[in-house]
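See below for the structure under consideration.
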Amino acid sequence: MEAVQTVENFAPRVLAWFDVHGRKDLPWQKDKTPYRVWISEIMLQQTQVTTVIPYYEKFMSSFPDVYALASAKQDDVLAHWSGLGYYARARNMHKAATMLVDEFDGEFPKTVEGVCELPGIGRSTASAILSISRGVQSAILDGNVKRVLARFHAIPNWPGEKKTENRMWGVAESYMPEIRCGEYTQAMMDLGATLCTRSKPKCHVCPLSEDCAGLASGEPTTFPISKPKKAAKPIKTAQFVVLQSDGKVLLEKRPASGIWGGLWSLPEFAHDASIVLEAEQRFQCGIQSVMALSSFRHTFSHYHLDIIPSLVTVKEAVGVHETEKYQWFSVDDAFTLGLPAPVRSILESVEKGDTLLL
DNA sequence: AAAACGGGGGA
DNA sequence: TCCCCAGTTTT
């Protein structure tokens, strides 16, 4: 037995389902002019159907056509948008209306490329408008369609990846039928919004369930796979001490490998260590004063380091012997060495005298 | 708390 | 070309 010829059967099944279960009496489905469909698509990008309906009705009665919208005050347009969010889209829409009137003679462009020239309209929205209002054979790829296709093919990649998205565009176009284009677009949106939902999809009544790879996998909701999370970086904390004596600061040479390998850094203390106790113990010297410097976060590729720097002055450098590992430098000389960026920054603040408190 | 959403705009 | 953003809902 041959596998089901999906490309042949996909759209007919979706359309047959739509004929029975699809929504056909929404306000923007009455008089499907490009203008009315356009406004609905922009509103629906960000809000559920039930919320959009009253906004749409009011918007249409105030701005019944592109000329009314183009000649409206931006404030008035924004007032009609108030509560929908993403106000840049209202501004884009208003701008697009003036462009349509001034440059397109009030007529919507006939091609996807042309419609995409308008601000706020990209490939998917352009295809939605043209297929629904004019029957143009051009596929959409909004969140609903991405979910349906990702499940149907058990696509193992995140749709946010350009490569994956491009492949999905190819699939979407390949399923776009030659006839009933507008209804097919509507049907795919309805399928995603009412059946193939993010959680608890109603696979048992889905017209595509028979050869849905996502369902076959047993875990359809794992598709589309979610954004790869960049393993929340651990946060480490350390105290960095600028030990200062006689105008010089003590630097510590880092081991050749690992973080900041071979660079000159500042002595580090555990975040909960007492500066005074720790410094006297490690360096056998009398502390004269301790001043806090501003704490800040340094981020590595794999963790955050919260740095708590302080400026510690000692009476004499006695007890702090210079070794391979520890050496005294004037701040000016220190700047000529290889220093980790945060250490350089701490020394700069010391040089400027940016201490916080005694 | 984090991801999703569709397109714009800056790196 | 890639990445981040807006502003709200959903998970």
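Rule-based calculations on the coordinates, nothing more; no lab input. Since the model is a prediction, treat every value here as computed from it, not as a measurement. Because the Cβ atoms are built from the backbone with ideal geometry, glycine has one as well, and the counts that use them run over all protein chains shown.
Hey, can you rank A:120-132, A:75-87, A:341-353 by average C-beta count inside 10 Å, highest first? Present the calculation step by step, with values, prior to reporting the outcome.
Values: A:120-132: 23.5, A:75-87: 14.2, A:341-353: 16.1.
So the peptides A:120-132, A:75-87, A:341-353, ranked by packing, come out A:120-132, A:341-353, A:75-87.
Order A:140-147, A:248-255 from most to least packed using the mean count of other Cβ atoms within 10 Å.
Details: A:140-147: 21.6, A:248-255: 18.4.
The packing order, highest mean first, is A:140-147, A:248-255.
First check a/c for region A:103-172, with a ≥ b ≥ c the square roots of the eigenvalues of its C-alpha gyration tensor; if it is under 1.5, answer rounded, and if not, answer prolate when a/b is larger than b/c or oblate otherwise.
Details: a/c = 3.28, a/b = 2.22, b/c = 1.48.
Because a/c hits 1.5 or more and a/b exceeds b/c, region A:103-172 counts as prolate.
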| task | Quick one: what are the phi-derived ³J(HN,Hα) couplings along region A:91-105, Karplus 6.51/-1.76/1.60 with θ = phi - 60°, whole Hz, x for glycine and proline? | result | 5, 4, 4, 4, 4, 4, 4, 5, 5, 4, 6, 6, 10, 10, 6
| said: Can you tell me the orientation of helix A:123-134 relative to chain A, as the angle in degrees between its alpha-carbon axis and the longest Cα principal axis, to the nearest 10? | reply: 10 degrees
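Please give the net charge around residue A:264, taking every other residue with its beta carbon less than 9 angstrom from that of residue A:264, where Lys and Arg add +1 and Asp and Glu add -1.
On the way: positive: A:253, A:254; negative: A:252.
So the surrounding residues net to +1.
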| field | Structure-based [θ]222 nm, chain A - -39500 (n - 2.57) summed over DSSP H runs of at least 4, per residue, nearest 500 | value | -12500 deg cm²/dmol
| said: List the residues, sorted by chain then number, that are 5 or more residues from residue A:296 or on another chain and whose placed amide H is less than 5 Å from its amide H. | reply: A:307
| request: May I ask you to derive the relative contact order of chain A, considering only C-alpha pairs under 8 Å and at least 6 residues apart, and to give it as an integer percent? | output: 13 percent
| said: Nearest 10 degrees is fine. How inclined is helix A:181-190 to the longest principal axis of chain A, computing both from alpha carbons? | reply: 50 degrees
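Using the beta-carbon distance between residue A:53 and residue A:304 and R0 = 35 Å, what value does 1/(1 + (r/R0)^6) give for FRET efficiency, to the nearest 0.05?
Working: r = 46 Å, r/R0 = 1.32.
Taking R0 as 35 Å, the efficiency between residue A:53 and residue A:304 is 0.15.
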| At residue A:198 and residue A:354, where each label point lies 7 Å from the Cα along Cα→Cβ, what is the point-to-point distance in nanometres? | 4.1 nm
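Express the relative contact order of region A:236-352 as a whole percentage, based on alpha carbon pairs under 8 Å and six or more residues apart in sequence.
On the way: 206 pairs, mean separation 40.7, N = 117.
Taking the mean separation of contacting Cα pairs over the length of region A:236-352, I get 35 percent.
Assuming R0 = 22 Å, what is the FRET efficiency of residue A:324 and residue A:294, from their Cβ-Cβ distance, to the nearest 0.05? Working shown, then result.
Values: r = 31 Å, r/R0 = 1.43.
It comes out at approximately 0.10.
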| field | Estimated inter-spin distance, residue A:116 and residue A:21, nm [label 7 Å along Cα→Cβ] | value | 3.3 nm
| Cα-Cα over 27 Å: which of A:146/A:202; A:30/A:227; A:163/A:202; A:24/A:146? | A:30/A:227; A:163/A:202
| task | Return the sequence-ordered ³J(HN,Hα) values of region A:9-25 in whole Hz as given by the Karplus equation 6.51 cos²θ - 1.76 cosθ + 1.60 applied to θ = phi - 60°, using x for Gly and Pro. | result | 9, 4, 4, x, 5, 5, 5, 5, 5, 4, 4, 8, 10, x, 8, 10, 10
| Quick one: helix A:143-152 against the long Cα principal axis of chain A, what's the angle to the nearest 10°, folded into 0 to 90? | 90 degrees
| query | Can you list, largest first and rounded to whole Å, the semi-axes you get for chain A by taking the square root of 5 times each eigenvalue of its Cα gyration tensor? | reply | 64, 28, 17
| message | Could you give the length gained by full extension between residue A:273 and residue A:95, i.e. 0.36 nm per residue of separation minus their alpha carbon distance, to one decimal place? | response | 58.0 nm
| Quick one: if you stick a label point 7 Å off each Cα along the C-beta vector at residue A:75 and residue A:256, how many nm between them? | 7.2 nm
| request: From the C-alpha gyration tensor of region A:236-352, pull out the three semi-axes of the equivalent ellipsoid (sqrt of 5λ each), sorted largest to smallest, in whole Å. | output: 21, 16, 14
| request: Under 28 Å Cα to Cα from residue A:315, which lysines show up? Leave out anything in the same chain fewer than 8 places away. | output: A:248, A:253, A:325, A:352
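At a 10 angstrom cut-off on C-beta neighbours, averaged per residue, how do the peptides A:89-96, A:110-117 rank from highest to lowest? Spell out each step's value before the answer.
Numbers: A:89-96: 19.2, A:110-117: 15.2.
Those peptides, ordered most packed to least, come out A:89-96, A:110-117.
Summing +1 for each Lys or Arg and -1 for each Asp or Glu, what net charge is found among the other residues whose Cβ lies under 10 Å from the Cβ of residue A:24? Intermediate values should be presented prior to the final figure.
On the way: positive: A:23, A:30; negative: A:19, A:25, A:183, A:190.
Taking every Cβ under 10 Å from that of residue A:24, the sum is -2.
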| message | Within region A:167-209, list the residues whose amide N lies under 16 Å from a label point set 7 Å along Cα→Cβ of residue A:6. | response | A:167-177, A:207-209
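Grab the other residues whose beta carbon is less than 9 angstrom from that of residue A:287, score K and R as +1, D and E as -1, and report the net. All intermediate terms of the calculation are to be shown ahead of the outcome.
On the way: positive: A:315; negative: A:280.
Net local charge, residue A:287 excluded: 0.
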